[in-house]
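Notes to accompany the following structure.
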Amino acid sequence: MATRGGGSLRAYVFARLLLALPMLFILLTVTFLLLRVAPGDPVTATLGGRVSDARADQIRRDLGLDRPLWRQYTSYLADVSHGDFGRAITTNRPLRTTIADRFPATLELTLAAMVVAIGVGVLVGALAARFRDTPIDVGGRLLGILLYAAPIFWLGIMLQLLFSIQLGWLPTGGRIAPFHEPRSITRLYLVDSLFTANWAAFGSALRYLTLPAVTLGLVIGGIFIRLVRVNMLQTLKSDYVEAARARGIGERRVLFNHAFRNALVPVVTIIGLQFALLLSGAVLTEATFTWPGIGLSLYQFLQNRDYTAVQGLVTFYALFVVGVSLLIDIASAWVDPRIRFQ
Amino acid sequence: MTGMGMSARRQRLSRLWRSTHPTARRLLVAGAVITGLFLVMAVLAPLVAPYGEAEYRDLPQLARPSSHYWFGTTNLRYDVFSRVVFGTRLAFQVVILSTGFAMVIGVPLGLFAGYSGRRLDRVLVLLMDAMYAFPSLLLAIVAAFALSRFVGQGVPAAALSISVIYIPQYFRVVRNHTLAVREEAFVEAARAMGASRRTIVGRYVFFNVVQSVPVIFTVNAADAILTLAALGFLGYGVPIPAAEWGYDISRAIGDVANGFWWTSLFPGLFILALVTGLTLLGEGINDVVNPLLRRRGLGVGAVAPGALVVERAGTALESAGSEPILVVTEEAPVEPVAVTPSAGTSPGPAPDTALLVAELRVTYATPRGPVVAVEGASIEIKRGESLGLVGESGCGKSTLGRGILGILPPGATVTGRVVIGGVDLATLDAGERRRARGERAAMIFQEPMTRLDPLQRVEDHFVETIRAHHPETSRSEARAMAATALAAMRIPLTRARNYPHEFSGGMRQRIMIALGLVLGPAVLVADEPTTSLDVIVEAQILEILDDLRRRSDMALLLITHNLGIVAETCDRLAVMYAGQIVELGDVHTVFARPRHPYTQGLLASVISLDTEQLSSIPGSPPDLLDPPVGCRFADRCPFVMDVCWHEPPVLAGQDDGTQVACHLHPGAGS
Ligand code: SF4
C-alpha cells in the first residue's frame, strides 16, 4: 500500500547502483587476469621480433609493464576509475582517444539496429501470438529462428552481394561518402546532418548506415520475435485480459491496451539483456562493413595481437555493459510501477 | 514382466506425444531430421566429400558450381563442397568438446557453491553473473586471445574459449538445485538411515539436472556453432588447413566484391541449416518436456483469438424436428454464447426473469478428443434473486459461468440458449453481444489480485469500460461515474488514480464489483469471489453482494465450492457434478432435505468436518473424455443400483419444488 512517488524510484536507483559496483569490479578483474596473467609479456607477444630489445624495454617501461603484477593491477583499477584505458602497443595512442573517436559510430549503428530489431520483433512477434497456431504463427516463429541462426557476418555479406554488388544500390562499407561529413554536434551523422539541414550528408549517411543496421537489426530481431510472441501469449491468457473481455471491451482494445502493452514490459528488460548480444553483433557487423566503430578497432587490434589495446577496449565494453544494464533496469522500473516495490 | 512395463511405458509416452500440439511435433521432427543428417555427414565426411579438407591438387581456381565441383572452388583451389562437409565434422567436434568442458567446470563449481553456501557461494554467484552479463562473443574472444598465447590455436583451444560462455549456465542450474535440496527434510531422513549426505544431494541434483540437459545442450550447441564461426571470422577460431565455416567466409569477402558468390554462400547456408535444426530440436524437446506446455496443449487454457465461425449445424437437424440449433464454434473468446433462437417452441421467460439458461452445453476440443464440460444445464434466476452454483473443482461450474458471459477460451463450442433481462443473446449481432457483456451481465472472479491491468490506473479501467459501451460519454463524465461507483464500494476517491498493485485483495475485489456494476447489469456472475480472501474480508464482500441484489434488483449467480457461503447468501441452490446439474431447489428445502446422494455427501462433509474441502466423499469424478453411460456419480454412490449403471437419470421435479436427477427419486427414469 505504498504511495507512488519519485522517492521510491530514487531509492530503487540507489539500490541498483550498489549492485552494479561489485559486478564491475569482477569484470575488470577477470579481464586483467585473462589478459595479463599469461606467461611471457605483452610487448614481446605483440611486437615479436619487430623491434629491438632496447626499444621493447622502452615500451615496457612506458606502459608500466615492468612493474610487479599486483602494482599493475591496482594502477589498472585506478586508471579505469578516472576513464584511462591505457595505450595501444602498436599505435602508441591512448585508447581513450580511439574510443572517443569511434564510439559515436558504434552508437549510431546499434541504435539504428535496435530500431530495426524492435520493429521486426514487435510486429512479427505480436502477429504470431495473435494468430497463434495458424500459418502466420508458424511462419513468424520460423523467421525468428532463421534470423537467429544466420551468422551476422554472413548475412551482411549476402546483403552486400545483393544490394551492393548485384543491384548497386548501397555501398559495401564505410560510414559516409568522403567529404560529406556533417558539422559535428552529437557526432551521430544522421542526427547532425538533420540538425544542420545538410541533406546531402543525410542521404549519404543513410545509404551507408542501411545495410549494417539492417544486418545487425535482423539478427537481434529474430530473438525479439520469440520474446514478444511468448510474452504476448502470456498476457493474452492473463486474468486481466479475460476480465476486460468480460466487461465487453472491444477485441482491438483488449489486444493493444491490455495484452500488447503488458507484453512489452518484460521486453524492455529483455532488450537490456540483449544489449550484450547487440554489442557482440556490432563487432562482427563493423568488421564486415568496415564501419569505423569500436568493434572495428577491436577487430583490427585483434589482427595485430595488440594486448594492451584489446585489454583497454574490453574494459570499456565492461563499463558500457554494466552502465547500460543499469539504465535499462531503471527504465523498466519507470515503465512498470510494480518493480519499484519489490 | 519387463516387457509389460516397457509397453505400458511406451503407451504412456505415445499418449504424451499425441497430446502435444501438432505444430510443435512437426517442428521437433524437422529439427531432429536436420540435425541427424548433419551428424551423419560429420561422421562420414571423408566418404561424402570428394576431396580432402585442404586438398588442392590441380583444381581450377574459383570455378563456378558445376557437376564437377558442386559448390564451386575457392581462390586457393579448394573444393567448396568438401570444405563445408569437413566443416560439419569440425563444428560437431567443437560443440561436443566445448559443452563437455563447460559441464566439467560448471557442474562441480555449482555443486560446490550450492553445497558449501556462505561467502564462497556469494562470490562465485557474482562472478558467474558478471560473466553471464558480459557479451558472450567478447568473452569467447578474450578467452581465445589469451589462450592463443600459451596454447596456440586449434580445436581444443577454440572449444575451451567457447565453453567459457556456458560455464555460468551449468553452474547456475546445478547450484540452484543443490541449494534447494540441501536443507530438505528427506536428506536428513536418508542420512539418519546411514546414507552420506553428500551422496544424497549428489544423486538428487543429478537426476534433476539431467532432465534439463538435453534442452541446454541443443541450445548451447546452436550457439556454439555460431560462436565458433564468429571466432573463425575474426581469425581466432581453428586455423587453416582445418575446414572451418566462419574462417572460410572471412576469406570469401574479397570474392564477393568481384561477384564470386559461391565461396561465401555455401558455408553460411550450412551454418544456417544446422543451427536452425538444432534450435528446432531444442525447442521441440522443451515443448514436449515442459509440462506447462503440455497442459496448454490440451487446449483448455490456450488462447489464440481468431475469426469467429458461426454456422448452422446441419439443416438435417432442423428438418428432423428437433430444436434448431445455432452452433458457434468459438475460435476466439470474442463473442458470447451460442444460442438457440427461440422458434416459438420453447416458452419465453417470465417478465421477472433476469437470467434464463436453457440446455447449455459446452464442449472443449482437446488433442485427446472433445470434452463436454457442461452438459445440458438449465437455470433460471429472477430479479433480485441469488442462485448458488456449487460443486467440486472441475465440475464445470466456472465453465457454465463463462458460457453465460461468452468468454470461453478458443476451442470451446457452445450450444443452448441464454436470455438476459428478456433479451435472447442469439438475436444479437456480434457487436451487440460484446456490448451485452458488462451492460447486461457482469462477472467478478476468484483472484482479484490479477484481474486488473497492472499498467492502468483504477480509474482508467472505468473510463475504458464505460466508453467501450457508450462512446459518446466524455472522459470527465466517465470519471464522475467511476467516482460514484467507487464511492458506493467505499473506495476513497483519492485512490481512484492509484495503480492496482497499491490496493489490498479485498479492496481490489470491491473495485472489481464496482467495475462490474458501473453499467447497471441485470445479472452478476461471481466466480468464487471470496476464495482467495481472508474470512473478515470474505464476510464484507458477501454482505456487499447480498445488499446489492436486494436493493438493485440484480440477479446474482454465485459460483462456489463453499456451501456455508451459499447458506448465507443465496435463495436457491444448484448442485453440479461432472458437468451436469444434479439437484436444484430452494436453499432451505435442499439443506433440510438433500435428495441426491452427492448433495447429501457435500452437506455431510460440511457438517461433520466443518471443512471447505469436499473430500469426505470417497473416489473422484469421472473422466469427462469418456463419461460413464449411466449416472455419473454411480461409482462413488453408496446407494447405487443396477439401473444407475446403464440409464442416465434426468432432472425431475419433486413435490416440494426441488429438482433432482437420481433414480432414488420419482421421475428420473424419463
Ligand atoms: S442415480 Fe443411482 S448412482 Fe446415481 S446418485 Fe442416484 S442412486 Fe446414486
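What follows draws every value from the coordinates through simple rules; no lab data is involved. Everything numeric in this text was worked out from a predicted model, so none of it was measured. Here Cβ is always computed from backbone atoms with ideal geometry, including for glycine, and neighbour counts include all displayed protein chains.
Computed from the C-beta positions of B:Ala604 and B:Arg368 and an R0 of 35 Å, the FRET efficiency is 0.55 to the nearest 0.05.
With a cut-off of 10 Å between beta carbons, the residues surrounding B:Gly421 carry a summed charge of +1, where Lys and Arg count +1 and Asp and Glu -1. In order along region B:120-136, phi translates into HN-Hα couplings of 4, 4, 4, 5, 4, 4, 4, 4, 5, 4, 5, 5, 5, 6, 6, x, 5 Hz, rounded to whole numbers, per the Karplus curve 6.51 cos²θ - 1.76 cosθ + 1.60 with θ = phi - 60° and x for Gly and Pro. Among B:His461, B:His501, the order by Cβ neighbours within 10 angstrom, fewest to most, reads B:His501, B:His461.
Return the tail of the calculated pair distribution for region A:103-293, meaning the percent of Cα-Cα pairs more than 21 Å apart. Looking at region A:103-293, the distances longer than 21 Å represent 56 percent of pairs. Taken about its Cα centre, chain A carries a charge dipole of roughly 720 debye when the Cβ of each Lys and Arg holds +1 and the Cβ of each Asp and Glu holds -1. Taking every Cα-Cα distance in chain A and sorting them into 10 Å bins starting at zero, the pair-distance distribution P(r) comes out as 5, 20, 25, 25, 17, 6, 2, 0, 0 percent.
Exposure proxy for B:Ser620, B:Ser552, B:Ser82, A:Ser325: other Cβ atoms within 10 Å of each Cβ, ordered fewest to most, give B:Ser620, B:Ser552, A:Ser325, B:Ser82. Each Lys or Arg adds one and each Asp or Glu takes one away; over the other residues whose Cβ falls under 15 Å from the Cβ of B:Val164, this sums to -1. Exposure proxy for A:Val51, B:Val418: other Cβ atoms within 10 Å of each Cβ, ordered fewest to most, give A:Val51, B:Val418.
Near B:Arg595: Cβ cut-off under 15 Å, other residues only, Lys/Arg at +1 and Asp/Glu at -1. The net charge is -2.
Distances between placed amide hydrogens fall under 5 Å for B:Leu556 paired with B:Glu385, B:Ser386, B:Leu387, B:Leu524, all partners being 5 or more residues away or on another chain.
For the residues of B:451-459, the average number of beta carbons from a partner chain within 10 Å of their own beta carbon is 6.
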